[in-house]
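**Student:** Sharing a structure with you now.
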Amino acid sequence: MSSTSSAFTYEAVGATRQGPAGCPPGFRPMQVRTRIGEGEALFRRAAEAVLTWEMHRELGVGIDATAERADPGVDVTVTLAGMIKAPCRVVWTVSEPRRAGWAYGTLSGHPECGEESFMVDRTGDGTVWLTVTAFSRPAKWYAKAGGPATRGLQQAYARRCGTVLRRLCAPQDAA
């Protein structure tokens, strides 16, 4: 787990609040939006799954967090493929009647440098969406060497978040 004294590896902390427009110079922006379903109950379920790391754990990545819920200052280490450790810290959270989510920023040792947010929102017609927004650039040699493949993996991860969240929020059969 990251030490709370670790500094972020980039300067634009919190910039994902602005969506892709917040992407600082020298970073690659990304935004993936996935329809999850409809209704207030589904929104509440999706928000809870995002705020408590459930969606991430269901993705099959390791999550080691200093708290049970996303909150500013919570340190999170994401482990990919059981080998790659990606230390981050939550930089902002939102918990409103129609929007809920959070963003984390990279700490020293993360293969990328930047920020990623996971936001659930319910539009005026009741549709529930997950939007994953990020800006990043490679920090480790293997992320640099991966080039376009690294960016493709980030896009695939964001799409998978939506697929997993939709499944987690699907009505359960009463059989």
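The values are calculated or read from the model by the stated rules, or taken from the named source; none is laboratory data. All values derive from a computational prediction rather than experimental measurement. Neighbour counts are summed over all protein chains in view; Cβ atoms, including those assigned to glycine, are modelled from backbone coordinates with ideal geometry. Quick note on the areas: whole protein, heavy atoms, side chains included, nothing else; ligands and nucleic acids left out. Shrake-Rupley method; radii C 1.70, N 1.55, O 1.52, S 1.80 Å.
**Student:** Out of the residues in region 24-40 that are within 29 Å of Lys144 (Cβ to Cβ) and outside any loop (DSSP other than H, G, I, E, B), which is most open to solvent (accessible area, probe 1.4 Å)?
**Tutor:** Arg33
**Student:** Restricting the first residue to region 1-25 and requiring it to be among the hydroxyl-bearing types (Ser, Thr, Tyr), which pairs with a second residue that is in a loop (DSSP other than H, G, I, E, B) and at pLDDT below 95 meet a Cβ separation below 7 Å and a spacing of at least six or different chains?
**Tutor:** These pairs meet every condition: Ser6/Ser108; Thr9/Ser108; Thr9/His110; Thr9/Ala139.
**Student:** For region 60-90, how many residues meet the condition of being part of a loop (DSSP other than H, G, I, E, B) and surrounded by fewer than 17 Cβ atoms within 10 Å (Cβ to Cβ)?
**Tutor:** Counting residues in region 60-90 that are part of a loop (DSSP other than H, G, I, E, B) and surrounded by fewer than 17 Cβ atoms within 10 Å (Cβ to Cβ) gives 11.
**Student:** Exactly one of these conditions fails for His56: (1) in a strand (DSSP E or B); (2) open to solvent by less than 30 Å² (accessible area, probe 1.4 Å). Give me its number.
**Tutor:** Only one criterion is unmet by His56, namely (1).
**Student:** Go over the candidates Arg151, Arg122 one by one and state the one that is modelled with pLDDT under 95, farther than 24 Å from Ala67 by Cα and of a type in the set (Lys, Arg).
**Tutor:** Arg151
**Student:** Search region 100-118 for residues being among the charged types (D, E, K, R) and modelled with pLDDT of 95 or more, and hand back the single one that is surrounded by the fewest Cβ atoms within 10 Å (Cβ to Cβ).
**Tutor:** Across region 100-118, the extreme among qualifying residues is Glu116.
**Student:** Related question: When you go through Pro97, Pro171 one by one, which is the residue that is part of a loop (DSSP other than H, G, I, E, B) and at pLDDT 85 or above?
**Tutor:** Of Pro97, Pro171, the one residue that is part of a loop (DSSP other than H, G, I, E, B) and at pLDDT 85 or above is Pro97.
**Student:** Which residues, taken from region 121-153, are in contact with a helix residue (DSSP H, G or I) (Cβ under 8 Å, 6 or more places away or on another chain), open to solvent by 30 Å² or more (accessible area, probe 1.4 Å) and among the aromatic types (Phe, Trp, Tyr)?
**Tutor:** The answer is none; no residue qualifies.
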